[in-house]
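Single-structure report; data block below.
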Amino acid sequence: MKPIEKRRHQESMLKNTDTKYTARGLVHKFLPPHRVFMDLLSGLSLLRSYFHRTLPLTTQRLSGKIIDLGGKHSNNFYHKLLLNHDAEIICTDINAAPGVIAVDVEKALPFADATFDHILAFWLFEHVYDISTIAGEAYRVLKPGGKLLVSVPFQHQYHGDNSPTGSYDDYWRFTHTSLLKWWESAGFKCECLYALGEGMICSHLVRTIQYLTPPQLGIRKLFSAAGYLFGTVLERIASIRPGNEQGWSQKIMADGYLAVFVKPE
């Protein structure tokens with residue numbers, strides 16, 4: 001995909017439809033199939049498609065001093081979705097890089113109390129063994145009234161660093177209740193919590209196609225997108241089976257979760 005086409009595609013991901021399913025504080029949003037289809041054709045995974053399109057729904061654009069834990073890149077696409085132009089962003093990762101400072105989130109964060117207006121922590125906590133330490137440290141360095149935005153996988157393959165100098169591993173898969181337990185125990189209040197994905201059937205079908213098909217010539221992208229459309233039909237059929245009117249697959253087998261927690265004032 002050419003750079004200008006990629007930019008237009010990314011901008012189109014800001015468009016979303018209404019929420020379709022809500023229960024027990026957990027929100028699931030069915031995205032327009034044609035938009036997810038185009039995301040898969042562009043090379044995004046099903047989880048990333050849902051994440052990119054749901055993220056702008058979670059909060060208004062953020063300003064102030066913001067830290068991105070595990071952000072890796074100072075020009076992260078997520079920043080374009082979330083941050084105002086006047087926001088000051090500090091990016092961290094386990095390894096230093098241009099525009100990125102080295103921070104080990106399993107140790108005390110090298111910042112004073114109430115330093116940051118908001119914290120971003122996307123696809124990080126599955127790689128952190130000591131969750132209680134980072135939960136307490138995030139609460140400490142966040143200003144009262146500040147937001148902590150979190151995303152974690154649920155249905156997802158192992159994705160640790162397998163290189164000879166691997167600096168991180170893959171430890172956890174989180175349910176929405178474990179997310180609430182960890183962060184509320186640290187003192188945060190949950191503002192919103194989204195389940196990401198179409199459900200168990202669709203997710204496994206797309207992953208199977210991606211595993212079996214070669215990446216050359218766009219075959220994997222095309223077959224994945226077609227498999228997604230077929231999977232959505234199967235999900236709808238499953239949801240109307242007697243006893244499944246509320247959509248069992250989306251409730252129990254999300255691909256991941258996206259949450260916003262607030263530090264009380």
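Rule-based calculations on the coordinates, nothing more; no lab input. Owing to the predicted nature of the structure, the values given are computational and were not obtained by experimental measurement. Backbone-built Cβ (ideal geometry, glycine too); neighbour counts: all protein chains shown.
So how far apart, in nm, are the two label points at ASP161 and THR175 if each is 7 Å from Cα heading toward Cβ?
Between ASP161 and THR175, the label points sit 3.2 nm apart.
Would you kindly derive the ³J(HN,Hα) couplings of segment 84-96 from the backbone phi angles with the Karplus curve 6.51 cos²θ - 1.76 cosθ + 1.60 (θ = phi - 60°), listing them in order in whole Hz, with x for Gly and Pro?
My calculation for segment 84-96 gives 6, 5, 8, 5, 9, 10, 10, 9, 10, 7, 5, 10, 6 Hz in order.
When the Karplus curve 6.51 cos²θ - 1.76 cosθ + 1.60 is applied with θ = phi - 60°, which whole-Hz ³J(HN,Hα) does each residue of segment 207-214 get, with x for Gly and Pro?
Calculated HN-Hα couplings, in order: 5, 5, 4, 5, 6, 8, 9, x Hz.
In whole angstrom, note down how far apart the Cα centers of segment 52-100 and segment 214-233 are.
Their Cα centres are 30 Å away from one another.
Amide H to amide H under 5 Å from CYS91: which residues, 5+ apart in sequence or cross-chain, H placed 1.01 Å off N in plane?
ASP68, ILE101
Would you tally the net charge around LEU62, using a Cβ to Cβ cut-off of less than 9 Å, leaving LEU62 out, and scoring K and R as +1, D and E as -1?
+1
So, by mean Cβ neighbours within 10 angstrom, what's the order for 51-61, 77-87, 35-45, 209-219 with the highest one leading?
Peptide ranking by packing, descending: 35-45, 51-61, 77-87, 209-219.
Between LYS189 and ASP86, what is the spin-label point distance in nm, taking each point 7 Å from the Cα along the Cα→C-beta axis?
Computed distance between label sites LYS189 and ASP86 equals 2.6 nm.
Compute the length gained on full extension between ALA112 and LEU234: take 0.36 nm times their separation in residues and subtract their Cα-Cα distance, giving the result in nm to one decimal.
Residue separation times 0.36 nm, minus the Cα-Cα distance, leaves 38.8 nm.
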